[in-house]
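> There's a structure below that I have some questions on.
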Number of protein chains: 2
Amino acid sequence: MPKAESKPSEELILNAAVKVFTRKGYAGARMEEIAKEAGINRALLHYYFRDKETMFNIIFETKFKEFFTGLFGVFQSNASFTEKIRSIIDHEITVLSKHPDLARFVIMEIAQQPDRLVQFGQKLGLNPRLMLENFQKEILQNVEEGKIRPIDGRQLLMNIISICIYPFVAKPIIKTMMQMDENTFMDLMEKRKKEAYEFIINAITP
Amino acid sequence: MPKAESKPSEELILNAAVKVFTRKGYAGARMEEIAKEAGINRALLHYYFRDKETMFNIIFETKFKEFFTGLFGVFQSNASFTEKIRSIIDHEITVLSKHPDLARFVIMEIAQQPDRLVQFGQKLGLNPRLMLENFQKEILQNVEEGKIRPIDGRQLLMNIISICIYPFVAKPIIKTMMQMDENTFMDLMEKRKKEAYEFIINAITP
DNA sequence: GGCACTTTTGACAATTTTGTTAAACAATTA
DNA sequence: TAATTGTTTAACAAAATTGTCAAAAGTGCC
């Protein structure tokens, strides 16, 4: 679907590249397909961006940021523990609803080359250790106050993240198995914000 | 790492192919790498299996089965609802602990070509509609008996599956962010069987 | 050993994919 | 309008990947 545009340029190419890379991954993406998606000649890709890898890195960095920053941001706020949980859920489901292939793409490419996580994580100044420590402290504090039952912070964090992200990663499976069209799925995810919150709160109240 | 074996044959090749395909996916896998992994000449791959796609389909089918059958089996038993939940959790975490790349591989390849789910699902006689219906009925029944709080069956099923599977899909991310080595991770997953069960039961008790 | 058969390999061919280049084209400016 | 600059393309070159084949090597049998 080439666009009949007047300005075939960097942005046009990047948008096309995002689509193809996030759908197919680095190995499955074809420069030809990106060019076709952008409606231009393949050589232009090399004119604006040196090569496939350079293009990929630019796109991966923005997607990496989209995927991770919100999560880290929440833990720097001074909302209550339960409000933080609500924020995470809301944020994750909102973002992933808008960017259907984001989670799968980032996870796959990190699995393919785990050092990307370190490399791009440092570049964006992410500090997982600190984040996890804060999370653990907050849990301990809430446990002592009797607000939540004792629970391993790593397990709880994994539970929250899993509940939010997995449905999007496995979206093609879930849609088919539960016989949902796109709208039904999106609707279910919107309801999931409330549902997941209640599920998790219930799970951790003593 | 070619093996100094006496019987370079189908099985040797298949084992190598499983490793490469599940790690790299169809698009990222190289016939050369499979041959090297098996310690044989690349032409042999074509002698025993016609081509890359044929090889892939054989492997995908076995992995597809590994991934899905257990899940469907549980719902045909006549254990109590909570026991079924325990079974699912136990089974999923046990299987995925043994086959590190299984979930990521199957999910990715279905995302790449969703009709594979229909195609191989039929071939194995899986019936997701029936499974989901049974699950929903059982929930309704348990809700009426006051054993669990009202909850959308699709959401609950997604929650259970998410909690079990996501940690393995995102394993490279989780290991790095939480600074765990392989053993620590596996240990955490073993503990997770109990932890996840309690989490979910807590979440659904009224 | 010689024969029939299967297995294995190296060399080659075909195809796919990426990357380069020179020239055409367009826009801007002097 | 000619010159300069930046953009776009088709054609080509290079590299990577898959697939084929004939011959070599191995195996079992007479």
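The values are calculated or read from the model by the stated rules, or taken from the named source; none is laboratory data. A quick note: this is a predicted structure, and the numbers were derived from the prediction, not measured. Cβ coordinates were reconstructed from backbone atoms using ideal geometry, including for glycine residues, and neighbour counts include every protein chain displayed. To get the accessible areas, we keep the full protein, side chains included, count just its heavy atoms, and leave off ligands, DNA and RNA. Shrake-Rupley method; radii C 1.70, N 1.55, O 1.52, S 1.80 Å.
> Considering only residues that are in a helix (DSSP H, G or I), in contact with a Lys or Arg (Cβ under 9 Å, 6 or more places away or on another chain) and among the polar types (S, T, N, Q), look in the stretch B:164-206 and name the one that is nearest to B:ASP152 (Cα to Cα).
Taking the candidates together, the pick is B:ASN202.
> Please find, among B:PHE185, B:PHE120, B:PHE135, the residue that is at pLDDT 95 or above and within 22 Å of B:PHE199 (Cβ to Cβ). Outline the logic, then answer.
Details: B:PHE120 fails: within 22 Å of B:PHE199 (Cβ to Cβ); B:PHE135 fails: at pLDDT 95 or above.
That would be B:PHE185, the only listed residue that is at pLDDT 95 or above and within 22 Å of B:PHE199 (Cβ to Cβ).
> When the stretch B:85-118 is examined, which residues are found to be within 11 Å of chain A (Cβ to nearest Cβ) and not hydrophobic (A, V, I, L, M, F, W, C)?
Initial filter on the stretch B:85-118 (within 11 Å of chain A (Cβ to nearest Cβ)): B:100-101, B:103-118.
Once the filter is applied, which keeps residues that are within 11 Å of chain A (Cβ to nearest Cβ) and not hydrophobic (A, V, I, L, M, F, W, C), the stretch B:85-118 yields B:PRO100, B:ASP101, B:ARG104, B:GLU109, B:GLN112, B:GLN113, B:PRO114, B:ASP115, B:ARG116.
> Tell me, please, whether a residue that is away from DNA strand D (no atom under 11 Å from the Cβ), at pLDDT 95 or above, assigned by TED's automatic domain parsing to the domain that holds B:GLU133 and open to solvent by 20 Å² or more (accessible area, probe 1.4 Å) can be found in the stretch B:65-76.
yes
> Here's something else I'd like to know. Does at least one position in the stretch B:13-30 carry a residue that is farther than 19 Å from B:GLU109 by Cβ and either within 13 Å of DNA strand C (Cβ to nearest atom) or of a type in the set (D, E, K, R) (or both)?
Yes, the stretch B:13-30 contains at least one residue that is farther than 19 Å from B:GLU109 by Cβ and either within 13 Å of DNA strand C (Cβ to nearest atom) or of a type in the set (D, E, K, R) (or both).
> What is the number of the single condition among (1) closer than 30 Å to B:ASN202 by Cα; (2) within 14 Å of chain A (Cβ to nearest Cβ) that B:ARG30 does not meet?
B:ARG30 satisfies all of (1) closer than 30 Å to B:ASN202 by Cα; (2) within 14 Å of chain A (Cβ to nearest Cβ) except (1).
> For the stretch A:96-141, which residues satisfy the criterion of being farther than 19 Å from A:SER162 by Cβ and among the hydrophobic types (A, V, I, L, M, F, W, C)?
Hits for the stretch A:96-141 are A:VAL118, A:PHE120, A:LEU124, A:LEU126, A:LEU130, A:LEU140.
> Can you name the condition, by its number, that B:GLY39 falls short on among (1) touching a residue at least 40 places away in the same chain (Cβ under 8 Å); (2) at positive phi?
Of (1) touching a residue at least 40 places away in the same chain (Cβ under 8 Å); (2) at positive phi, only one is false for B:GLY39: (1).
> Among the residues of the stretch B:43-54, is there at least one that is within 12 Å of DNA strand C (Cβ to nearest atom), surrounded by 19 or more Cβ atoms within 10 Å (Cβ to Cβ) and within 14 Å of chain A (Cβ to nearest Cβ)?
Scanning the stretch B:43-54 turns up no residue that is within 12 Å of DNA strand C (Cβ to nearest atom), surrounded by 19 or more Cβ atoms within 10 Å (Cβ to Cβ) and within 14 Å of chain A (Cβ to nearest Cβ).
> Among the residues that make up the stretch B:5-12, is at least one of them more than 27 Å from A:VAL169 (Cβ to Cβ) and either in the same structural domain as B:GLN136 (by TED's automatic domain parsing) or open to solvent by less than 40 Å² (accessible area, probe 1.4 Å) (or both)? Write out each step before concluding.
Pass one, the stretch B:5-12, residues more than 27 Å from A:VAL169 (Cβ to Cβ): B:5-12.
With either in the same structural domain as B:GLN136 (by TED's automatic domain parsing) or open to solvent by less than 40 Å² (accessible area, probe 1.4 Å) (or both) added as a condition, the list becomes B:9, B:12.
Checking the stretch B:5-12: at least one residue is more than 27 Å from A:VAL169 (Cβ to Cβ) and either in the same structural domain as B:GLN136 (by TED's automatic domain parsing) or open to solvent by less than 40 Å² (accessible area, probe 1.4 Å) (or both).
> Further, regarding this structure: Take the residues of the stretch B:13-41 that are over 22 Å from A:GLY28 (Cβ atoms) and crowded, with 17+ Cβ neighbours inside 10 Å: which is farthest from DNA strand D (Cβ to nearest atom)?
Here the residue is B:LEU14.
> Kindly indicate the residue of the stretch B:85-116 that is under 20 Å from A:GLN112 (Cβ atoms) and more than 13 Å from the chain's Cα centre (by Cα) and also least open to solvent (accessible area, probe 1.4 Å) among those meeting that condition.
Here is the first cut: in the stretch B:85-116, the residues under 20 Å from A:GLN112 (Cβ atoms) are B:96, B:99-113.
Those still in the list that are more than 13 Å from the chain's Cα centre (by Cα) too: B:111-113.
Details: B:ALA111: 23, B:GLN112: 75, B:GLN113: 79 Å².
Filtering first and then ranking leaves B:ALA111.
> Among the listed residues A:ASN142, A:ASN159, which satisfies the condition of being at the interface with chain B (Cβ under 7 Å from one of its Cβ atoms) and on the phi < 0 side of the Ramachandran plot? Reasoning before the result, please.
Details: A:ASN142 fails: at the interface with chain B (Cβ under 7 Å from one of its Cβ atoms).
It is A:ASN159.
> Output the number of the condition that B:THR184 fails; it satisfies all remaining conditions of (1) buried (at least 20 other Cβ atoms within 10 Å of the Cβ); (2) under 25 Å from A:ASP115 (Cα atoms); (3) among the β-branched types (Val, Ile, Thr).
(1)
> Residues in the stretch B:92-118 that are of a type in the set (A, V, I, L, M, F, W, C), touching a residue at least 60 places away in the same chain (Cβ under 8 Å) and within 18 Å of B:VAL74 (Cβ to Cβ): how many? I'd like the intermediate steps shown before the answer.
Residues of the stretch B:92-118 that are of a type in the set (A, V, I, L, M, F, W, C), as a first pass: B:93, B:95-96, B:102-103, B:105-108, B:110-111, B:117-118.
From what is left, the residues that are touching a residue at least 60 places away in the same chain (Cβ under 8 Å) are B:93, B:96, B:102-103, B:105, B:107-108.
Filter again for within 18 Å of B:VAL74 (Cβ to Cβ), leaving B:93, B:96, B:102-103.
Count: 4.
> Something else about it: Could you say whether any residue in the stretch A:108-129 is acidic (Asp, Glu) and in a helix (DSSP H, G or I)? Give the derivation first.
Start the filter on the stretch A:108-129 by keeping residues that are acidic (Asp, Glu), which leaves A:109, A:115.
Checking the rest, the ones that are also in a helix (DSSP H, G or I) come to A:109, A:115.
Looking for residues that are acidic (Asp, Glu) and in a helix (DSSP H, G or I), one finds at least one in the stretch A:108-129, hence yes.
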